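Trainee: Could you have a look at this structure, given as structure tokens, before my questions?
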Amino acid sequence: MTTTRAGTDQARGSQAPAVERQTTPPAGDAEALQPARVPGGAAEPSANGLAQLTRVLGTIVAPTTLLTSLLFYFGWSHAYWFFDYFGVNSTLLGLTTRDYVQRSLDGLFVPLTVVACAGLLVLWGHSALRTRLAAGSRPPMLRVLLPAMAIAGLVLAALGLWSVFAPTFLDQQVAAAPLCLASGVCLLVYEAHIWRSLAAGERPAAHAATLQWAAVAEWAAVFVLVGLSLFWAANDYSAAVGRSRARQFVAELPTYPSAIVYSERSLSLDAPGVREVRCRDSQAAYRFRYDGLKLLLQSGDQYLFLPETWSPTDGVAIVVPKNDSVRLEFIPAAAGATVRRSTC
């Protein structure tokens, strides 16, 4: 019995190390079990640099504050050029923050839609290309596409930068110069990203770690150039929309309700198409009436009127204070000819 137990214990002891040796794979197998690095993956310095830059910007500027500021600015640009078409400085009207934010949507709807659609197309194309690169396949068209992207990016970026410092033919088209600059920078950055993805397997890990600071600086420069270019483009477009809305308002002026202004005292309105009528009743609270006006805006305790026959050549915009000495009546455009009276 003793010999049998000893032999059994020795057999168990001799088997234990064998089990440990089996659970520890060889060095070659350990490397094989590690996930293969995909070119252009998250381990690239450029991707890590973008993530670090995003975190830094998120800690400096709150997204809600930045969005509100941008909406306010684009709304201000829209309002400024809209009322400038009528010869009125928008700062005189006392527009509120809500007014500016509401106007900004008119000038940002089309740019945001275009940017969103373009972004989707770029993401889908990048995903398809990345899948082929991860599978070890390099499309032959890359030999032609990458140099073409580099040349197009340089030309577009040069034209955009040229328009920053001097007038060019791009200034004749709305947002052409800033879009050229943004597109050129994006093409150059993406072309460099593809080259780095193709060479990712040949780059030592220690060398990749030293490029983190350079990647952050590169993405910061890209963010500034592209961000300012899109800001410039949206500002140009919102200003163009403001002027376009002003011309549209003038074209549709006959369809808007007519405004009749009653006043305790004479306002001495002298504008084409505006008629002053004095009330015959000496006991009337409002003894003066003014016809031939259209209400353009009420804001900041002020009314802004346009004559019914307003035109850019001889048009006059009229600002009337909002108080108890002034009363308004509105007549639908279809009923204007039958409702007008010769007296108060």
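Trainee: Could you list all residues from segment 85-95 that are outside any loop (DSSP other than H, G, I, E, B) and touching a residue at least 60 places away in the same chain (Cβ under 8 Å)?
Mentor: L92, L93
Trainee: Tell me yes or no: at least one residue of segment 175-182 is under 18 Å from E218 (Cα atoms) and open to solvent by less than 60 Å² (accessible area, probe 1.4 Å).
Mentor: Yes - at least one qualifying residue is present in segment 175-182.
Trainee: Among the listed residues A116, A128, A182, A177, which satisfies the condition of being of a type in the set (A, V, I, L, M, F, W, C) and over 20 Å from the mean Cα position of the chain (by Cα)?
Mentor: A128
Every residue, every condition in (1) part of a helix (DSSP H, G or I); (2) polar (S, T, N, Q); (3) touching an Asp or Glu at 6+ places or on another chain (Cβ under 6 Å); (4) touching a residue at least 60 places away in the same chain (Cβ under 8 Å), yes or no:
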{"residue": "A233", "(1), (2), (3), (4)": "yes, no, no, yes"}
{"residue": "D236", "(1), (2), (3), (4)": "yes, no, no, yes"}
{"residue": "A240", "(1), (2), (3), (4)": "yes, no, no, yes"}
{"residue": "L269", "(1), (2), (3), (4)": "no, no, no, no"}
{"residue": "L295", "(1), (2), (3), (4)": "no, no, no, no"}
{"residue": "Q298", "(1), (2), (3), (4)": "no, yes, no, no"}
{"residue": "F305", "(1), (2), (3), (4)": "no, no, no, no"}
{"residue": "G315", "(1), (2), (3), (4)": "no, no, no, yes"}
{"residue": "R327", "(1), (2), (3), (4)": "no, no, no, yes"}
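Trainee: Which numbered condition trips up L145, out of (1) under 28 Å from A240 (Cα atoms); (2) open to solvent by 20 Å² or more (accessible area, probe 1.4 Å)?
Mentor: Here L145 meets the rest and fails (1).
Trainee: Does P167 qualify as being under 30 Å from S244 (Cα atoms) and not in a helix (DSSP H, G or I)?
Mentor: Yes; evaluated as a whole, the condition is true for this residue.
Trainee: Further question on the same structure: Which one of these is touching a residue at least 60 places away in the same chain (Cβ under 8 Å) and out of contact with any Ser or Thr (no Cβ under 6 Å at 6 or more places or on another chain): R143, R196?
Mentor: R196
Trainee: Select from segment 260-286 the residues that are within 51 Å of the chain's Cα centre (by Cα) and open to solvent by 60 Å² or more (accessible area, probe 1.4 Å) and list them in ascending order.
Mentor: Within segment 260-286, E264, R265, S268, D270, R275, E276 qualify.
Trainee: Related question: Collect the residues in segment 242-259 that are without any contact (Cβ under 8 Å) to a residue 12 or more places away in the chain and either farther than 22 Å from Y73 by Cα or crowded, with 20+ Cβ neighbours inside 10 Å (or both), keeping them in residue-number order.
Mentor: Matches in segment 242-259: Q248, A251, E252.
Trainee: Would you point out which residue out of G107, G160, G119, G153 is within 25 Å of L228 (Cβ to Cβ), in contact with a Pro (Cβ under 8 Å, 6 or more places away or on another chain), open to solvent by less than 40 Å² (accessible area, probe 1.4 Å) and assigned to a helix (DSSP H, G or I)?
Mentor: Residue meeting the stated conditions: G160.
The values are calculated or read from the model by the stated rules, or taken from the named source; none is laboratory data. Quick caveat, the model's predicted, so the values are computed rather than measured. Glycine also receives a Cβ, built like all others from the backbone with ideal geometry; neighbour counts cover every protein chain displayed. Remember, those area values only see protein heavy atoms, side chains included, never the ligands or the DNA or RNA. Shrake-Rupley method; radii C 1.70, N 1.55, O 1.52, S 1.80 Å.
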